[in-house]
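Asker: Before we start, here is the structure in question, set down as C-alpha cells.
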Amino acid sequence: MLQWLRVASDRGIATDLTGELERSAADVVVVDCMTPVALGAARRSGAGVVLLMHAFSGYWTSQWSTTSPIGMWLRLTRTHPTRCPADCAIVTTAPELDRVRADLVPARDVHQTGPIVPPVHRPAQLRDDDPVLVSFSTISYPGQQDALQRTLDAIAGLPMTAVATVEPLLASGLRVPPNVELRRPEPHADVLPGVRLLIGHGGHGTTMAALAHGVPVLVMPMSRHADQPLVGTAVARVGVGLEVSPRASVDDIRQAIQAVLSKPAYAARAAEVGKPFRDGAGARSAADHILEAACDRAAGS
C-alpha cells in the first residue's frame, strides 16, 4: 500500500504525460484510477479525460474519502482526484455486485460497463469429477502462504481433486496433498474451463473471470487494503458462492468447500450472474464511452 501511494502521487507520471501530449496531441486521455496524479496533467492538455475504475467503486470512494489515510495523503500532496475531476468515469464492475454511488465519483458522468474479461465459451453443466481450482493472488499478501496451506489441508480430507496455481516463491515449503496438482500461475482463460469451483483471494479480475465461466467461488480475502472484502461480501450476497475469513481453520474451509459443491444453486447462480460478461460486452461498452469522449472533445475544439 505504501508503495502504491508513492506511485499514485508521483509527479514524474504527470511530467511524462505532459511531455508525451506535447509531442503527440490527443483528443482524450484515459487515466487509471491508481494514478490520480495524472488527472491534472491530462486536464491541462485540453484533452478529454476519462477515469478508468477497474475495481469495486465502493473501494475507491472510501479510499478517496477525507477520513482515509489514502485520501488524506492525496490531499496533502495535492493529487486528489477531486482536484481535477474527469469528464467521465468508466467503472468496470457488475451492477448486481457493485452498487455505484455516482455522487462520490470524481467525474461529470459515470458509466458502469460491467467486467472486462475475454470472451468465454463454457459448457452449461459443471461435472462432479471436475477439479477445484485454488488461485490466490500472485502478490504475496501477509499470511497468504499460511492461508494457502490451510486450504490445501482442507482439500486433502475431501474425495476430490484440485489444481493450485502458485508462484514458485510461495510454493516453497508447502505441503501438497496427493489429490492436489501444483502449477505455476496460468491465464484464467486457460485454467477456468473444466473446473467446478474457484477458491481465491477475492481479486476482482479472478472472481469475475470465474463467474464468466459459470464457476462458483469461495472467497478468502487476503487484504483489507484492497476491494477483496467487498468482493467476498458481494459474492455471498448474490448467491454465487461463500466468503470465509483468511484466518479460517482447516475444518471451516473444508465445510465451506463442501457447502458450495453440494448445492447446485451456487453454480446455477454463478452462470446466471456471469452470463452478461461472456461476450465481451464490458470491453465494447468501455471503448464506446472512450470514443464518445474523444468525439465530444474533437467536436468542441
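The values are calculated or read from the model by the stated rules, or taken from the named source; none is laboratory data. Because the structure is predicted, anything quoted here is derived from the model rather than measured. Cβ coordinates were reconstructed from backbone atoms using ideal geometry, including for glycine residues, and neighbour counts include every protein chain displayed. These accessible areas exclude ligands, DNA and RNA; they are computed on the full protein's heavy atoms, side chains included. Shrake-Rupley method; radii C 1.70, N 1.55, O 1.52, S 1.80 Å.
Asker: Please state which of the following conditions Pro221 fails to meet, knowing it meets all the rest: (1) closer than 30 Å to Val28 by Cα; (2) within 14 Å of the chain's Cα centre (by Cα); (3) not aliphatic (A, V, I, L, M).
Answerer: Unmet condition: (1).
Asker: Could you please let me know if Leu97 is more than 30 Å from Leu39 (Cα to Cα), of a type outside the set (Gly, Ala, Ser) and buried (at least 21 other Cβ atoms within 10 Å of the Cβ)?
Answerer: No.
Asker: While we're here: Let me spell it out: the conditions are (1) open to solvent by 20 Å² or more (accessible area, probe 1.4 Å); (2) in contact with a Leu (Cβ under 7 Å, 6 or more places away or on another chain), and Pro177 meets all of them except one. Which number is the exception?
Answerer: It fails just one condition, (1).
Asker: Here is a further query. If we scan the range 135-155, do we find a residue that is open to solvent by 60 Å² or more (accessible area, probe 1.4 Å) and within 30 Å of Val50 (Cα to Cα)?
Answerer: Within the range 135-155, one or more residues are open to solvent by 60 Å² or more (accessible area, probe 1.4 Å) and within 30 Å of Val50 (Cα to Cα).
Asker: Turning to a different aspect of this structure: Determine the pairs where a residue that is among the polar types (S, T, N, Q), located within the range 76-102, has a partner that is part of a helix (DSSP H, G or I) with Cβ atoms under 7 Å apart, the partner being 6 or more residues away or on another chain.
Answerer: So the pair list comes out as Thr79/Ala8; Thr79/Val37; Thr92/Gly282; Thr92/Ala286; Thr93/Ser57.
Asker: Name the residues in the range 75-94 that are in a loop (DSSP other than H, G, I, E, B), among the polar types (S, T, N, Q) and open to solvent by 20 Å² or more (accessible area, probe 1.4 Å), would you? Working first, answer last.
Answerer: Keep residues of the range 75-94 that are in a loop (DSSP other than H, G, I, E, B), which gives 77-80, 84-85, 92-94.
Then drop every residue that is not among the polar types (S, T, N, Q), which leaves 77, 79, 92-93.
Correct list: Thr77 only.
Asker: Residues being assigned to a loop (DSSP other than H, G, I, E, B) and either among the aliphatic types (A, V, I, L, M) or open to solvent by less than 40 Å² (accessible area, probe 1.4 Å) (or both): count how many of those fall in the range 100-114. Reasoning before the result, please.
Answerer: Here is the first cut: in the range 100-114, the ones assigned to a loop (DSSP other than H, G, I, E, B) are 100-101, 105-106, 113-114.
Adding the requirement that they be either among the aliphatic types (A, V, I, L, M) or open to solvent by less than 40 Å² (accessible area, probe 1.4 Å) (or both) leaves 100, 105-106, 113-114.
Selection size over the range 100-114: 5.
Asker: Which of (1) open to solvent by 20 Å² or more (accessible area, probe 1.4 Å); (2) part of a loop (DSSP other than H, G, I, E, B); (3) under 29 Å from Arg224 (Cα atoms) is the odd one out, the single condition Val117 does not satisfy?
Answerer: (1)
Asker: Does Thr207 satisfy the criteria of being open to solvent by less than 10 Å² (accessible area, probe 1.4 Å), of a type in the set (Ser, Thr, Tyr) and closer than 28 Å to Thr92 by Cβ?
Answerer: yes
Asker: Could you say whether any residue in the range 273-283 is part of a helix (DSSP H, G or I), within 30 Å of Val49 (Cα to Cα), out of contact with any Gly (no Cβ under 8 Å at 6 or more places or on another chain) and modelled with pLDDT under 95?
Answerer: Within the range 273-283, one or more residues are part of a helix (DSSP H, G or I), within 30 Å of Val49 (Cα to Cα), out of contact with any Gly (no Cβ under 8 Å at 6 or more places or on another chain) and modelled with pLDDT under 95.
Asker: Hey, another quick one. Kindly list, by first and then second residue, each pair from a residue in the range 110-127 that is on the phi > 0 side of the Ramachandran plot to a residue that is among the small types (Gly, Ala, Ser) and at pLDDT 85 or above, limited to pairs with Cβ atoms under 8 Å and residues at least 6 apart or on different chains.
Answerer: Sorted first by the residue in the range 110-127, then by its partner, the pairs are Gly114/Ala94; Gly114/Ala281; Gly114/Gly282; Gly114/Ser285.
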